[in-house]
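Here's the structure, in structure tokens; my notes come after.
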């Protein structure tokens, strides 16, 4: 699975099919009972933004290609099984009142029908992208059911498969899991009754896909153990105070006025491949670090070169799913944590080691409920709402651990997000079997493109230098100032 722009998914032309709930399922959704309990903190923030601004292209999805003629009935059964198994996909929120009210469509009421839709006019690739964007914009919303859209491009000998979902019900890891789960469900439906699945153990066990609503309840119970005086909250406040009372920002100018935003442009870049990646992995291990530490070390070194930052201060995205009950669940299993460490007087090995220690601390700090962190930053006067804004994010993801990794549906797949507006140039750095690469969401301004090109060209040189040295002695170049 590649993290990329949606336009990077190219599938051959064919008949365009759309799956929608049956009339009976829609009727059940219109009468769906209230499901007790509040949304998660991230869901609540997302729902508030949706209510305030309306449609804001906050969807994410996957697309891939599958071999063999499409069996429409088998795919309908596979989709039904998927949605019935994951409570989040049966959820929507009533936003008409002051607080969001969650509703849950009964699992037994979920069913779908398939219809052929008119082929988009114009050049195929561009027309398909317009069709996908229009469908996802229209259907992937949190205030009605379903909050997702699914379809297929059918042709002899194979088909393209695409899915989009409102962010309230999913995250990046969930979407990557979904791509292989849906393909495996379809394969299982094609198999003879009682016959083996195409890949033994490919489908998640019930004990691996606990309901996201249960996770939210557990998370809220855990949050009651924290207060503004908790060590984790105090450390958050200390870090932000020591770094100008603002959350992290991209270190180079982006051509935006203070508080301004611009449309998102997706940028991708390969940093390391093959033997270079293996060498970088060895360099990190020799330093007592993982590749995650090496990534943050390289970013910190780049920011010192370009912006003179002697101390790295960043924000990372961390998963809150565990390896047991929610290891293969669908939902928004994310939080954020600050990462801070000294950059000066260190070769690459020492810097990677410092970064790894900082990531361990970030994991500890991530236990603090993010709503309490934000509230404390505001109430303490550490930040104003404008200071919080949209922070610069850096995520590292190792795609090799996902269950479908290496199999056709995953290898051909693309994971993408909707492109709204941004005030930062956040980075998702990912590793698969033989490549370390970037996906960045960049403001679409001339200065942003120039700054981002400069930044990532230097960052690639840092990665390649570290891979070439394979030792802590090769970091002098990395840490030269601007």
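What follows is calculated from the coordinates using simple rules that are stated; it is not laboratory data. Quantities reported herein were computed from a predicted structural model and do not represent experimental measurements. Cβ atoms come from the backbone with ideal geometry, glycine included; neighbour counts cover every protein chain shown.
Annotations for the structure displayed:
- Mean projection area, nm², convex hull over Cα of the range 349-482: 11.6 nm²
- Degrees separating the helix 370-379 axis from the principal Cα axis of the chain, which is the longest one: 50 degrees
- Taken over the range 220-474, the percentage of Cα pairs per 10 Å bin, counting from 0 up to the bin with the maximum distance, is 7, 28, 36, 24, 5, 0.
- For the chain, the longest principal axis of the C-alpha atoms and the axis of helix 124-139 are separated by about 90°.
- Highest-first arrangement of 363-374, 218-229, where packing means the average Cβ count within 10 Å: 363-374, 218-229
- The range 103-149-the range 53-92 distance, computed between alpha-carbon centres (Å): 9 Å
- In Å, descending, principal axis extents of the Cα set of the range 2-203: 51, 44, 32
- Peptide packing: for 113-124, 84-95, the average count of neighbouring Cβ atoms within 10 Å per residue gives the ranking 84-95, 113-124, highest mean first.
- In the distance distribution for the range 298-352, Cα-Cα pairs more than 17 Å apart total 51 percent.
- Across all directions, the shadow cast by the convex hull of the range 341-394 built on its C-alpha atoms averages 4.9 square nanometres.
- Principal-axis analysis of the Cα atoms of the chain puts helix 348-365 at an angle of about 60° to the longest axis.
- The Stokes-Einstein estimate for the range 153-306, based on a Kirkwood radius over Cα pairs and taken at 20 °C with 1.002 mPa s viscosity, is a diffusion coefficient of 98 µm²/s.
- Considering only beta bridges that DSSP places wholly inside the chain, some 90 percent are antiparallel.
- Rounded if a/c under 1.5, otherwise prolate or oblate - the range 101-145, Cα gyration tensor axes: oblate
- Relative to one another, the C-alpha centroids of the range 213-252 and the range 345-413 are positioned 12 Å apart.
- Per-selection metrics, the range 203-247 (Cα): Rg and Dmax in Å: 16.8, 48
- Among (i) 170; (ii) 142; (iii) 152, the entry derived from the coordinates for volume of the Cα convex hull per residue in Å³: (iii)
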